[in-house]
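The values are calculated or read from the model by the stated rules, or taken from the named source; none is laboratory data. Model, not experiment: these values are computed from the prediction. FYI the Cβ positions are ideal-geometry reconstructions off the backbone, even for glycines, and counts take in every protein chain you see. Only protein heavy atoms, including side chains, enter the accessible area calculation; ligands, DNA and RNA are left aside. Shrake-Rupley method; radii C 1.70, N 1.55, O 1.52, S 1.80 Å.
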Amino acid sequence: MHELGAPVLIDQHCHSVVGAELGEDAFASLLTESDRPLGPGASPWDSALGLAVRRWCAPVLELPQFASVEAYRERRRELGVAEATRRLLRAAGLGACLVDTGLTEAAGVPLLSPEELGGVAHADVHEIVRIERVAELATTPATAAHTWAATVGDALRRAARNAVGLKSVVAYRCGLDFDARRPAPAEVANAAAVHLASGGGRLTHPVLLRHLLWEALELRLPLQLHTGFGDPDLVLHRSDPSLLTGFIRAVEPLGTPLVLLHGWPYHRQAAWLAQAFPHVYCDLGLTLTHVGAGARRVLAETLELAPFHKLLFSTDAYGLPELYLVGSAAFTDALDAWLGEAVPVPAEAARIVALISGENARRLYKLP
Amino acid sequence: MHELGAPVLIDQHCHSVVGAELGEDAFASLLTESDRPLGPGASPWDSALGLAVRRWCAPVLELPQFASVEAYRERRRELGVAEATRRLLRAAGLGACLVDTGLTEAAGVPLLSPEELGGVAHADVHEIVRIERVAELATTPATAAHTWAATVGDALRRAARNAVGLKSVVAYRCGLDFDARRPAPAEVANAAAVHLASGGGRLTHPVLLRHLLWEALELRLPLQLHTGFGDPDLVLHRSDPSLLTGFIRAVEPLGTPLVLLHGWPYHRQAAWLAQAFPHVYCDLGLTLTHVGAGARRVLAETLELAPFHKLLFSTDAYGLPELYLVGSAAFTDALDAWLGEAVPVPAEAARIVALISGENARRLYKLP
Amino acid sequence: MHELGAPVLIDQHCHSVVGAELGEDAFASLLTESDRPLGPGASPWDSALGLAVRRWCAPVLELPQFASVEAYRERRRELGVAEATRRLLRAAGLGACLVDTGLTEAAGVPLLSPEELGGVAHADVHEIVRIERVAELATTPATAAHTWAATVGDALRRAARNAVGLKSVVAYRCGLDFDARRPAPAEVANAAAVHLASGGGRLTHPVLLRHLLWEALELRLPLQLHTGFGDPDLVLHRSDPSLLTGFIRAVEPLGTPLVLLHGWPYHRQAAWLAQAFPHVYCDLGLTLTHVGAGARRVLAETLELAPFHKLLFSTDAYGLPELYLVGSAAFTDALDAWLGEAVPVPAEAARIVALISGENARRLYKLP
């Protein structure tokens, strides 16, 4: 899949993979963004992503392209989870993975640690810290409203110490159309009181979420933001990255980079933001994996306006090593196709590939 | 057009055709979504749809592809409305039509009854009941505010008795960004009083429209919802199906299927909803007919995320038999093109064609 | 580039070009919509537009396609600004330019007058008057709140005397989601008082902006409206032309044509508005220039619904003569590609090219 001499890919946003065999349903459940039971006869394999797994992953397991689902699953069991994972991850050709450690299991099965993942994939690993999770873990029954901000701030600084970047899922928690202003300390304390009174669990109070974003930006690490589609927990039109414009402007003086993840179906909007604002970057993460044969079109739409020094590569892979390979193969194939049309000069094409595949991420996250 | 051995198409949302000859202007007026007089020199034939009619329909009338408008209209008159209608409808290759009976004429000319349509098309016919029309027809000068709900509820149950599905045009009446909650009986009575006081005609009161939707869902028949573009009566950005997210979640416990029609230019949003929520389906209806040569791209964009067991086929044809054939031909051509790229395994491609062309609709509407 | 026998292009919305040599940074700054300093290593040349300049313009300067940026800049200096400008403008093949005179310099360098531009380009020139600028220039320290409307109305009528059309940048000033109603005189006077009290400079008061739009429509000249992407000064989702629907309906009785410019990424929405409403037109202006190799896709998406008698051509070129040639070449190439697929009948294709390239503009602006 990954050719000799091809530039090393830096996967700037991913999760880890499960280390144990998954049953049919658990495996299939990681091929869809839905978290609901499906109707009779329906299968997550019946999707662009299902086809993409059969297209790109089957050959790595020594099956023909588009082998049947049954043949694929059987061959995978035959190889065993360790060998299948090893083959799929290595075929993805990743030089480094920036792992969002905010998720620790998939389909009820624990994920490999970032170090284990790196070992299997032969890739360097770096940590991306999910800020809402840090805040949630830092909040205990002992936390008081007036100390919440300090407690969470300390936890964030500690968590960020070994990280190369931060990540926010504010799109899921209150949508991207939030008030851009940094909340005043009294507002934060009042909101913390409400949050703690309701149990202090999942963080959904808009004031606290905004406070957390502003705190995160003070740490001067690139901040990744989920935008666009995801699981049914989000409202799609409230995940349009263009809704962040007020926030993007408000934080511009800080200079901290913002990275808009995924984007679809608002990837053109993300591309414009990346052109318009010097501190804004974007990737297609989850998108290229899911859209399968549509990856060429979606990447091309993004490159209509995204500057070549602002677009990043990621897989957003989660749970299945297949998602690493599909993400990597779909990206490589789509970028090759685009370059074939837009840049018929090999040296120039190679330079652009290098930027988008890894150099932009290396520069942005100050990787070795 | 429709090849031997090709799967039988089930047109899950259409209207009927006129049974009489139309004048030039009346004919042309059915080729555009505009209901306004055009400027001098302008013709609805000068559009992607106009070209599609000349491309797909001319050969069925024994003319070369892209015959001139004049030649096309002359040949059609020569054949007579009955023969032209027969040829065009049969060439569409429809096995069954689900007819929205909410419209009874086009360009001032009565439409064939569903039975007459089925006879000419050699297709089974089933009824889709337009709920707003049922409510409007049930409301008489004698209707009182406190009996409106009961009257309309009775009428809806009666109308649904022989239907396989229901349809709502709430997108036209108040947009899709309506409050998702089921209104309380007192709210409904108050709203009915307002509605009746203003004459009790066209139903536009948001509370009554929401009440009607919730009532419809109790009947457990799939509920089709107009989304995306249409005639100038709607506000496009308020027809984005993603605006339905709150409603989709609120009605999820009922389990009644929702079918998002048309979608364009928000068909990607509809596709995500169909993946995320088990009770949500989508089609491209009006879209593939209108976009002509763009049908391949629009269908491909939809299949980026729409599960193959959730996408349906329809023409949304109305008035002209040409719109049946264009809808059917554009769909078949676009799906073939997509499969050629995404699924180079004939047996697998055939399975997917069968699902989207008719099996999904057969399962959803419990057709024989 | 522009072939013998090709229809004459009427560029229905452009600005002029600089008449003096620009430094590296100033030149590059006109290749991006961002007005911010770029990060280290970043260059506006690293974009679809940068590639498009190297593709379409290099041969006109006798360099190979995709010559390096250094080679391009060196050859341009060698030729001198006058000769490079002459070659690039003539290669654009423009028969007439409708110049928005609201901008008078680019990158700090004065623009050629419309007459000078026409002389170099061998094109007729006509004026488009930017209404917000007229209002701003008409407002002096002597203007009183109760005379603001009369003063500005007079200035607008004077400015329009020699113009073929008007233009509004209300998208930049308050977004397109403004109240559609014509403000009452007292509202206008109150708003003028607020505006004047804050210095009377840049016009951003929504009431005054709306008043200006309604005043402009009374002049019966086509009114161009910026929609879609632009520089970081706008909020993208508030530039969706569909947000204008209320305004489009409110002004429909006046009959004055509205021209939706640029559109991207909402060009499909603009296309629907152009089909739905007889007084609405659209172009792709800034878009085709910027998206480079993506121009074929974006034009095809627009032609999904835009009637052929409603789509216009423009470059929105500003500052650099390269932007005229890129806009013209991208449009011609994209339209040719679309016709090759959608209209395989040469005479018919030629008729459609003629409409979109210039006849629609000639009819709309009543050009000789």
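Details
- Per residue, the range C:125-195 exposes 43 Å² of accessible surface when a 1.4 Å probe is rolled over the protein heavy atoms with every protein chain present.
- Residues B:S239, B:S68 ordered from highest to lowest accessible area at a 1.4 Å probe: B:S68, B:S239.
- Bridge orientation summary for chain C: considering DSSP beta bridges with both residues in this region, about 10 percent are antiparallel.
- Taking the C-alpha atoms only, the angle from helix A:185-197 to the longest principal axis of chain A is near 70 degrees.
- Principal-axis tilt of helix B:321-342 within chain B, Cα atoms, nearest 10 degrees: 80
- Chain A residue with Cβ closest to the axis mapping A onto B, distance in whole Å: A:R297, 4
- Peptide-level mean, for A:339-352, of C-beta atoms on other protein chains within 10 Å: 3
- Trypsin sites (Lys or Arg not before Pro) within the range B:227-275, DSSP loop, no more than 10 other Cβ atoms inside 10 Å: none
- For the range C:197-247: rounded, prolate or oblate by the Cα gyration tensor [a/c cutoff 1.5]: oblate
- In this assembly of identical copies, the label point of A:E24 (Cα plus 7 Å along Cα-to-Cβ) is separated from its counterparts by 6.3, 6.4 nm, sorted shortest first.
- C:D46 long-range amide H proximity, modeled H, under 5 Å: none
- Here the range B:111-174 is treated with +1 on each Lys and Arg Cβ and -1 on each Asp and Glu Cβ, and its dipole about the Cα centre works out to around 260 debye.
- Summarising the strand pairing of the range C:100-225, around 20 percent of its internal DSSP beta bridges are antiparallel.
- Where B meets C: accessible area buried, both sides, 1.4 Å probe, Å²: 2700
- With DNA, RNA and ligands ignored, accessible area of C:H122 (1.4 Å probe; Å², nearest 10): 130
- Whole-number accessible area per residue in Å² for the range C:248-360, which is evaluated in the context of all protein chains at 1.4 Å: 19
- Relative contact order (%) - the range B:134-210, alpha-carbon pairs under 8 angstrom, separation at least six: 42
- Considering helices alone, the calculated mean residue ellipticity of chain C at 222 nm is -13000 deg cm²/dmol, with DSSP H runs of length four and up weighted by -39500 (n - 2.57) and normalised per residue.
- All-pairs Cα distance distribution in the protein assembly as shown, expressed in whole percent, bin size 10 Å: 2, 10, 18, 23, 22, 16, 7, 1, 0
- Placed amide H near C:V280: partners under 5 Å, 5+ positions off or other chain: C:L258
- Remark: accessible surface ordering of A:L30, A:L98 (largest first) is A:L30, A:L98, probe radius 1.4 Å.
- Accessible surface of chain B [probe 1.4 Å, protein heavy atoms]: carbon and sulfur percent: 55
- Shape class of the range A:1-146 from the alpha-carbon gyration tensor: oblate, with a/c at 1.5 or above and b/c at least as large as a/b.
- Taking every protein chain into account, the 1.4 Å probe leaves C:Y365 with about 10 Å² of accessible area, to the nearest ten.
- Cut-off of 10 Å, at most 12 other beta carbons, DSSP loop: longest stretch of chain B lacking such GluC sites (Glu not before Pro): B:63-368
- In this assembly of identical copies, the label point of C:D233 (Cα plus 7 Å along Cα-to-Cβ) is separated from its counterparts by 4.1, 4.1 nm, sorted shortest first.
- Copies compared at C:G246 - label distances in nm, ascending, label defined 7 Å from Cα in the Cβ direction: 1.8, 1.8
- Accessible-area order (highest first, 1.4 angstrom probe) of the listed residues B:D333, C:D25, A:D11: C:D25, B:D333, A:D11
- Helix B:81-91 and the long axis of chain B differ in direction by around 90°, with both axes built from C-alpha atoms.
- Taking every C-alpha pair closer than 8 Å and separated by at least 6 residues, the mean separation divided by the residue count of chain B gives a relative contact order of 21 percent.
- ³J(HN,Hα) computed for each position of the range C:280-292 - Karplus, 6.51 cos²θ - 1.76 cosθ + 1.60, integer Hz, glycine/proline x: 9, 10, 8, 9, 10, x, 3, 5, 4, 4, 6, 7, x
- Look at the Cα gyration tensor of the range A:184-280: its axes a ≥ b ≥ c give a/c of at least 1.5 with a/b at or below b/c, and that counts as oblate.
- Threshold 40 Å² - residues in the range B:37-83 whose accessible area is reduced by that much or more when the chain is no longer isolated, probe 1.4 Å: B:D46, B:L51, B:F66
- A:L49 exposes around 0 Å² of accessible area when a 1.4 Å probe is run over every protein chain in place.
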